[in-house]
Amino acid sequence: MNKIFKPLSTIQILGISFIKGKVSDAFLYLKNKGGLMTVPAAPALVTITYDKAYYQSLLKSDLVIPDSGYMILIWNMISSNKLYKISGLEFIDYFVNESKTINQSKLLLVNPSHEDGQINLNYLVSKGFNEETIYNFTAPFYGDNVIDTDLIELCEKIQPKWIMINIGGGTQEKLGLFLKENLSYKPAIMCTGAAISFKTGRQVKMPLWVDRMYLGWLSRCISNPKVFIPRYLKGFKLLKLILLHKSNTIK
């Protein structure tokens, strides 16, 4: 018997509807209804004041996962309507464990390089996915306007049920919205970025317990301080942003 699908409960922060639930709820939503899922981190969230295209991609997402532990801590200090973390890494973990229910559906991986694509493919096959139903697409460098007609043509040709976008935050969400608004059908579009890289070893290995304790940022800063320390320092601006706007959309 199929599990009855229920609409997701959400909490609005900065006008963005973050889901209030479990990782299984997000997975079942995508499996049953398709749509665009985004997973914004704190350093990306602070850009919504000037990167309107990125902000629109979050506002128009079908579900947004509360991945930022920092954002959650701020919100839970000022609101009685508590929010709980669901990370991109946790979602990938759940997605991989559901390989048996996904195997008969086509999966398209959008990767930053051919090498990443092969590594991601090998990892998923090692976890029980069917190699014959997985397709790889190497993303080009996208400028300010994220448009990719080649990707649209490929999606229309192979009709993947699942599209996993593994490129950088701030760009992948715009690409996800472009796909959502231009495809003739409604696949599940997952903007999980580098999450799969934590599993394949392309980024520092991160146990799930580290992520659940809101220490993923620390693990990344230790692994590559020159890149990640400045990035996460920018994320501290999120405190002022949330205190000023709370649930309201930023104009």
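The values are calculated or read from the model by the stated rules, or taken from the named source; none is laboratory data. Please read these numbers as outputs of a predicted model, since none were measured by experiment. Reconstructed Cβ throughout: ideal geometry from the backbone, glycine too, with neighbour counts over all protein chains shown. The accessibility values were calculated without ligands, DNA or RNA, using every heavy atom of the protein model including side chains. Shrake-Rupley method; radii C 1.70, N 1.55, O 1.52, S 1.80 Å.
Structural remarks
- 3J(HN,Hα) couplings calculated from phi for region 157-162 with the Karplus curve 6.51 cos²θ - 1.76 cosθ + 1.60 (θ = phi - 60°) are, in sequence order, 6, 9, 6, x, 6, 10 Hz; Gly and Pro show x.
- Residue 20 long-range amide H proximity, modeled H, under 5 Å: 9, 10, 11
- Here each label is just a point 7 Å from Cα along the line to Cβ, and for residue 186 and residue 126 those points are 3.6 nm apart.
- Average accessible surface for the chain: 50 Å² per residue, computed with a 1.4 Å probe over protein heavy atoms with every protein chain in place.
- Take every pair of alpha-carbon atoms less than 8 Å apart whose residues are at least six positions apart; their mean separation over the length of the chain yields a relative contact order of 27 percent.
- Computed from label points 7 Å out along Cα-Cβ, the spacing between residue 245 and residue 138 is 3.7 nm.
- With every protein chain in place, region 1-154: carbon and sulfur % of accessible area (1.4 Å): 51 percent
- Distance in nm between pseudo-label sites at residue 99 and residue 33 (7 Å out along the Cβ direction from Cα): 2.9 nm
- Shape category assigned to region 125-173 from the gyration tensor of Cα positions, a/c cut at 1.5: oblate
- Separation of alpha-carbon centers, region 145-204 and region 49-117, rounded to whole Å: 12 Å
- Fully extended contour minus Cα-Cα distance, from residue 10 to residue 147, at 0.36 nm per residue: 46.4 nm
- Reported value for the chain: 131 Å³ per residue, from the convex hull of its C-alpha atoms.
- Region 63-162: Cα Rg divided by the 2.2 N^0.38 Å rule of thumb: 1.35
- Cleavage-rule hits (chymotrypsin sites (Phe, Trp or Tyr not before Pro)) in region 47-91: DSSP loop, at most 15 neighbouring Cβ within 10 angstrom: 50, 84
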